[in-house]
2 protein chains.
Amino acid sequence: MNIYIIGIGLIGGSMALDIKKKYDDAVICGMDSNKTHIEDALHLGIIDKKVSMDELDQADVVIVAVPVDIALMLLPQILDGINDNALVLDVGSTKSPICEAVAQHKRRRNFLATHPIAGTEFSGPKAAVTNLFKDKTSIICEIEKTAYKQQETALDLFQKLGIRIRYMEAKSHDKHIAYMSHLSHISSFMLGKTVIEKEKNERDIFDMAGSGFESTVRLAKSSPSMWTPIFKQNKANIIETLDEYILNLNHFKELLKNENFEELFNEMQNTNRIKEILK
Amino acid sequence: MNIYIIGIGLIGGSMALDIKKKYDDAVICGMDSNKTHIEDALHLGIIDKKVSMDELDQADVVIVAVPVDIALMLLPQILDGINDNALVLDVGSTKSPICEAVAQHKRRRNFLATHPIAGTEFSGPKAAVTNLFKDKTSIICEIEKTAYKQQETALDLFQKLGIRIRYMEAKSHDKHIAYMSHLSHISSFMLGKTVIEKEKNERDIFDMAGSGFESTVRLAKSSPSMWTPIFKQNKANIIETLDEYILNLNHFKELLKNENFEELFNEMQNTNRIKEILK
């Protein structure tokens, strides 16, 4: 079984590691525009060999794990190159633009749009880890547009990786993921920026960083190459979430200015519900 | 050695656990306005016995680990009640108001203002854990206003708990901790609020919560009773940090609106420096 992984980073590399463990006959074939990534992936045993776009007809499964702008461009070419039985799936954090980009392709039924919600703040093949997807959720969009055989291949793959499936419309995915993931990244990046700017002349101050700061600022370590195209493709939804977030921050600030501490307490107590929700 | 711990919550309870391990002769004496906390702390072996304010003259060390508004009120009474050799230290997240509250007290030299920067999002004695302070930083303010003997007692205690010391003016502490801790809590609370409000009719959406969201929203689980008085006492500094944070979020939103993706990329790349800073 030839598994082609296009983009051997955190996500592609981690998938490769688990697939190798779970499929005895898997040959992991890697592609990456970054030569160092390919070398690292070979060296680390993440991929068995390096392949090129010309060899796509040999693939049984193609996993596209590149930044979402590159995915938009590559997916039609990949579908052009595969054989009729292959499954192509992407794992990007935006789903509407990807689904639109392949909507009219003659091999649309070979494609499945997925978003396994897993990751860390690190990137590149050296960041790849086993079991990254175990007990995590993957969104699958437009399942009905994928042929049964390819659906089955994908579901078998996700099951072996321990992934829980949720089906969702592409537009709903993009709207909700703006709240559940994209906004978190912006809040974290801007928190990091605010603190760095303020403290730039007083480096010692970072001695005061506790686990709370580290936790809220963790996502500010994420890759700009990965996130810029996500923000671009999900612009409208993200602006909406940012408007609401900023509104809530301003409201909190006004409560503080006006010394309305009872209401400030209530705001926090109501938000404590997140404990139960995330259980 | 009689160690009085006033407020047997996450911080007071965790200190009690470590002190018990490190001092053979320590008798941990607990006080808490919450009866359940006292019962839990006795049951869990966090404290050896329950004491009252009338017995303060028996204390060798008094650790005040109550919400900062209660600390302001209690500290002068505690200093009134102790014997002349005792050390009283507080562990609150604001330092100027506390230092002012005891500035004129006849036993000011028995007091040390500290802020061990450690914690979790949980509270109460059941949240107490061992080694919470190991390799963490504690800020100490106005060290010169504390008598040598009490300084030594405190430094020995902190050393045994594995705490690293940084000396700072109370005003500087409050200004910097607004950036390094208080702002993180507000950004997290408001992120939680924004998402809960939006998704209140679609609970299933929280299936989409990844580790990134969980990390940025973790502090929104914190205790409002602890945080309301901190925000109250550090109001001016916090409003300043919030103004800058909101400004940065608005700027990011404008870049997105104007499709200035090059600058958006740069913003994130510059903030990636947090990786090196936090190392």
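Okay, here's what the table says:
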{"quantity": "Cα gyration tensor shape of segment B:173-277, rounded if a/c is under 1.5, else prolate or oblate by comparing a/b with b/c", "calculated": "oblate"}
{"quantity": "Chain B: most fluctuating residue of B:71, B:127, B:178 per GNM, C-alpha cutoff 10 Å", "calculated": "B:127"}
{"quantity": "Relative contact order of segment A:94-247, defined on C-alpha pairs under 8 angstrom at six or more residues apart (%)", "calculated": "27 percent"}
{"quantity": "The protein assembly as shown - share of DSSP beta bridges that are antiparallel (%, nearest 5)", "calculated": "15 percent"}
{"quantity": "DSSP beta bridge pairing in chain B, given as percent antiparallel to the nearest 5", "calculated": "15 percent"}
{"quantity": "Residues whose placed amide H lies under 5 Å from that of residue A:112, excluding near-sequence neighbours", "calculated": "A:88, A:89, A:90"}
{"quantity": "J(HN,Hα) series, segment B:37-50, from Karplus relation 6.51 cos²θ - 1.76 cosθ + 1.60, nearest Hz, glycine and proline x", "calculated": "4, 4, 4, 4, 5, 5, 4, 7, x, 6, 10, 8, 7, 8"}
{"quantity": "Segment B:38-95: relative contact order as a whole-number percent, Cα under 8 Å and 6+ apart", "calculated": "39 percent"}
{"quantity": "Tail beyond 33 Å, pair distance distribution of chain B (Cα, percent)", "calculated": "28 percent"}
{"quantity": "Shielding of A:223-229 by partner chains, average beta-carbon count, 10 Å", "calculated": "4"}
{"quantity": "Prolate/oblate/rounded call for segment A:33-97, Cα gyration tensor, a/c under 1.5 rounded", "calculated": "oblate"}
{"quantity": "Whole-Hz ³J(HN,Hα) from phi, Karplus 6.51 cos²θ - 1.76 cosθ + 1.60, for segment B:121-129, glycine and proline x", "calculated": "7, 9, 9, x, x, 5, 8, 5, 9"}
{"quantity": "Chain B: relative contact order in percent, alpha carbon pairs under 8 Å with at least 6 residues between", "calculated": "17 percent"}
{"quantity": "Segment A:76-89 - phi-based ³J(HN,Hα) in whole Hz, Karplus 6.51/-1.76/1.60, Gly and Pro as x", "calculated": "x, 5, 5, 4, 4, x, 7, 7, 5, 9, 6, 10, 10, 10"}
{"quantity": "Amide N proximity, segment A:1-36 versus residue A:50 label position 7 Å along Cα-to-Cβ, cut-off under 11 Å", "calculated": "A:30-36"}
{"quantity": "Amide hydrogen neighbours beyond the local backbone of residue A:137, cut-off 5 Å, H modeled", "calculated": "A:117, A:164"}
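Read the figures in this text as sums done on the coordinates, not as results from a lab. All figures in this text were calculated on a predicted structure; none of them were measured in a lab. Ideal geometry is used to build each Cβ from the backbone, glycine not excepted, and the neighbour counts take in all protein chains shown.
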